């Protein structure tokens, strides 16, 4: 059974954010909203702090953009409902503050839910919705890339954009920097390179040093 804080947070999300996000094309799963938009999946997540009590706590908002086509190109299954943490572009709501901060909202029994709901609605309109709008293409994703550098997914993104020179360069850097124990990621990169003609004599496998 949900505690008082969880019930209050769910009611808050449902009061303003839920209708706004639904109208914008998002579907809801618990406190995560997702929307397919061309080659992208937008993710909006309300995260409750792990610290708090059954009566009060804090929450923040996480945002992400996920590219399922990267996994299709790798011959892998993409997430049907990707969690925020696998996004290729990721932001916390505090990233939009000046200066940046780790932004959390307090939610107590005495909190004015109507006023806080209005703040969240304004946050959506002025910060979140425009941010999603600025990242509409795969090139936008590449400019705002958040995934790890030692990951073949960046190579794949350059390939999907038709930028084979960058894909080969990214692949070469990846193979030079992967640690010897990263055998699965190395094999994944080598398989993709071989399947798509990205191999060259310049590629260096760091595991052989």
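The values are calculated or read from the model by the stated rules, or taken from the named source; none is laboratory data. Keep in mind that what you see is a predicted model, and the values were worked out from it rather than measured. Here the Cβ positions follow ideal geometry from the backbone for every residue, glycine too, while neighbour counts run over all protein chains shown.
The requirement of being closer than 18 Å to residue 39 by Cβ, surrounded by fewer than 13 Cβ atoms within 10 Å (Cβ to Cβ) and within 16 Å of the chain's Cα centre (by Cα) is fulfilled somewhere in the stretch 145-158, by at least one residue. Tell me whether the stretch 81-88 contains one or more residues that are within 19 Å of residue 125 (Cβ to Cβ) and either in the same structural domain as residue 134 (by TED's automatic domain parsing) or touching a strand residue (DSSP E or B) at 6+ places or on another chain (Cβ under 6 Å) (or both). No, the stretch 81-88 has no match at all.
Residue check: is residue 63 under 15 Å from the mean Cα position of the chain (by Cα) and modelled with pLDDT of 90 or more? Against the criterion (under 15 Å from the mean Cα position of the chain (by Cα) and modelled with pLDDT of 90 or more), residue 63 qualifies.
Regarding the stretch 107-115, can at least one residue be identified that is surrounded by 15 or more Cβ atoms within 10 Å (Cβ to Cβ) and under 21 Å from the mean Cα position of the chain (by Cα)? Scanning the stretch 107-115, I find no residue that is surrounded by 15 or more Cβ atoms within 10 Å (Cβ to Cβ) and under 21 Å from the mean Cα position of the chain (by Cα), so the answer is no. Looking at 189, 193, just one residue is more than 24 Å from the chain's Cα centre (by Cα) and either crowded, with 22+ Cβ neighbours inside 10 Å or over 21 Å from residue 141 (Cα atoms) (or both), and that residue is 193. Among the residues of the stretch 34-46, those that are in a strand (DSSP E or B) and over 15 Å from residue 86 (Cβ atoms) comprise 35, 36, 37, 46.
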